[in-house]
Amino acid sequence: MKNANKKIKPEVLGLKEYALQPHRASIKINQNENPWDAPDRIKSETLKRIEARQWSRYPDFVAFDLHAKLARFADWTPDGMIAGNGSNELIQALLMVTIGPGKRVLICEPTFALYRQITTVLGGEIISAPVKKDFGFDAHAISDAMRMFNPVVTIICSPNNPTGQVIDAEALSSILRQTSGLVVIDEAYHEFADQSVVPCLRDHENLIVLRTFSKAMALAGLRVGYLLAAPDLTAEIKKAVLPYNLNAFSQAAAEVAIELYETDLKPLVKRIVAERERVFSELQNIAGLTPVRSRANFMIVHSVIKPQVVFEELLRRDILIRDVSSYPMLADYFRLSMGRPDENEKVLAGLREIFESAATASTN
Ligand code: PMP
């Protein structure tokens, strides 16, 4: 090891960077993005507002206008709101003010890998409660882990990335009642499930909700996320957020996206949900594949051919999926984000070809 690296925390040295291989393909369904670009009206109105502002001036120290719009949009109070440079930044800020050596974070794996990554970097300890065999959340396993390990923070991703499962209201309220720790619900994909825990914020001061503009809102390139919680709690979390964390362009775009959500974005969400149901049925008809029902804009699929091979075969056909086989419980699974209907047709055709030729080869 180089001398300088001896100064790095040992738990960080043991980690791999959280990064994706820079593969490129015409059909990109590996990051759960919105397959449609942000609608033209959102782009042109944002550009108009940006053109009218002085670029030499800092953005608002706190994004007041955006917070006010987010509050109306999400039906929560503006002083219980933090907008961030993607929801990733807010996961980090939240963990920075709660986690350090000797502090535990409970997660339900398989789930979004960043929770484990940041907790480890901060010197905290991850406790992992397994999900059920069908990938549903296991309220008993969560309760047991809470009793045994007394986590400072519990993070539940609902709908969960990559399994697509949601936590039901009853399980969540029993979890919230049971712990004095903080409970984070990551709702990055809530629009596709048409279900949210935001109404529970009023009764639970230990609940935190995270959301993003990177999926249904079609603004992944601009990096906007937000956190909702009791104002006393957001006041503390804000202390770990950098000044001017959200640039003026992204603030303006997020405001426009909120204003035009019902007319310009919601119809796209509906089409994605319809595609999810259609692709699910089509995949059931391909021998060798078993899709898992999902409430998000993606689904995991069990495959009798190694997921790495399916990944390579689809990449040869100019299609980029996510191989999730290194996640716990998912050794035989890959993940597909929903593309546009024409893209999904090509994905299904590619998969039929791969699995039919494998079946023919095995009977020869
Ligand atoms: N939470 C989950 C569950 C995600 O899947 C992602 C993105 N893959 C994020 C948060 C991060 O979103 P953002 O782009 O807002 O940082």
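Please treat every number below as a calculation from the coordinates, not as lab data. Everything numeric here is computed off the predicted structure, so don't read it as measured data. Note: ideal-geometry Cβ built from the backbone for every residue, glycine included; neighbour counts use all protein chains shown.
If only Cα atoms are counted, what is the Rg of region 176-259, and what is its Dmax, in Å?
14.0, 42
Using the structure shown, select from 133/270; 9/103; 69/239 the pairs with a Cα to Cα distance greater than 26 angstrom.
Working: 133/270 29 Å; 9/103 16 Å; 69/239 22 Å.
Where the Cα-Cα span goes over 26 Å, the pairs concerned are 133/270.
Given a Förster radius of 30 Å and the C-beta distance between residue 174 and residue 235 as r, what FRET efficiency does 1/(1 + (r/R0)^6) yield to the nearest 0.05?
Values: r = 28 Å, r/R0 = 0.94.
That pair, residue 174 with residue 235, gives E of 0.60.
What ranking, highest mean first, results for peptides 163-169, 148-154 when packing means the other Cβ atoms within 10 Å averaged over each residue? Mind showing how you got there, number by number?
Details: 163-169: 21.4, 148-154: 19.3.
Listed from highest to lowest mean packing, they are 163-169, 148-154.
If you average 1/r across every pair of different Cα atoms in region 157-223 and take the reciprocal, what Kirkwood value do you get, in Å? Working shown, then result.
Values: mean 1/r = 0.0793 Å⁻¹.
For region 157-223, the Kirkwood estimate is 12.6 Å.
What is the spread of the Cα atoms of region 207-364 along each of their three principal axes, largest first, in whole Å?
Sorted from largest, the Cα extents of region 207-364 read 66, 35, 26 Å.
Which of the peptides 26-33, 279-286 is most tightly packed, and how do the rest follow, going by the mean number of other Cβ atoms within 10 Å of each residue?
Details: 26-33: 18.6, 279-286: 15.5.
The peptides rank, most packed first, as 26-33, 279-286.
Quick one: dipole size for region 235-364, taken about the Cα centre, charges +1 on Lys/Arg Cβ and -1 on Asp/Glu Cβ, in debye to the nearest 20. Mind dumping the intermediate values first?
On the way: 17 positive and 18 negative charges, 63 e Å.
It comes to approximately 300 debye.
Please give the charge dipole size of the chain, origin at the Cα centre, charges +1 on K and R Cβ atoms and -1 on D and E Cβ atoms. Round to the nearest 20 debye. Write down the numbers at each step before the final one.
Values: 43 positive and 44 negative charges, 192 e Å.
Using Cβ point charges on Lys, Arg, Asp and Glu, the chain gives about 920 debye.
Once fully extended, how much extra length lies between residue 326 and residue 203, figured as 0.36 nm per residue of separation less the alpha-carbon to alpha-carbon distance?
Details: separation 123, 0.36 × 123 = 44.28 nm, distance 3.81 nm.
Residue separation times 0.36 nm, minus the Cα-Cα distance, leaves 40.5 nm.
Identify, among 297, 87, 22, the residue whose Cα sits farthest towards the positive end of the charge dipole of the chain, taking +1 on the Cβ of Lys and Arg and -1 on the Cβ of Asp and Glu, with the dipole about the Cα centre.
Of the candidates, 22 comes out farthest on the positive side.
What does the extension gain come out to for residue 305 and residue 8, with contour length at 0.36 nm per residue minus their alpha carbon separation?
Details: separation 297, 0.36 × 297 = 106.92 nm, distance 4.01 nm.
So the chain would gain 102.9 nm between residue 305 and residue 8.
Report the residues of region 112-126 in range of a label on residue 148: point 7 Å along Cα→C-beta, backbone N strictly under 15 Å from it.
Counting backbone N atoms under 15 Å from the label point, the list is 126.
Under a Cβ-only charge scheme (Lys and Arg +1, Asp and Glu -1), can you give me the dipole magnitude of region 72-165 about the Cα centre, in debye to the nearest 20? Walk me through the numbers before you get to the answer.
Details: 7 positive and 8 negative charges, 31 e Å.
The dipole of region 72-165 has a size of about 140 debye.
Please compute P(r) over all alpha-carbon pairs of region 140-279, binned at 10 Å starting from zero, and give each bin as a whole-number percent.
Percent of pairs per bin, in order: 10, 36, 35, 17, 3.
How much of the calculated P(r) for region 115-211 lies past 22 Å, in percent of all Cα pairs?
Working: 1157 of 4656 pairs.
Summing the P(r) of region 115-211 above 22 Å gives 25 percent of all pairs.
For region 3-92, what value does the Rg/Rh ratio take when both radii are computed over Cα atoms and Rh is the Kirkwood radius, given to two decimals? Each step should come with its number before you reach the end.
Numbers: Rg = 19.5 Å, Rh = 18.0 Å.
A ratio of 1.08.
For the chain, give me the percentage of DSSP beta bridges that are antiparallel, rounded to the nearest 5 percent. Can you show the working numbers first?
Values: 18 of 38 bridges.
So the antiparallel bridges in the chain amount to around 45 percent.
Using the Kirkwood radius over C-alpha pairs as Rh, can you work out the diffusion coefficient of region 41-196 via Stokes-Einstein at 25 °C, viscosity 0.890 mPa s, in µm² per second? Working shown, then result.
Values: Rh = 17.5 Å.
Answer from the Stokes-Einstein relation: 140 µm²/s.
Write down, largest first, the equivalent ellipsoid semi-axes of the chain in whole Å, where each equals the square root of 5 times an eigenvalue of the alpha-carbon gyration tensor. Let's see the in-between values first.
Working: eigenvalues 214, 146, 86 Å².
One finds semi-axes of 33, 27, 21 Å for the chain.
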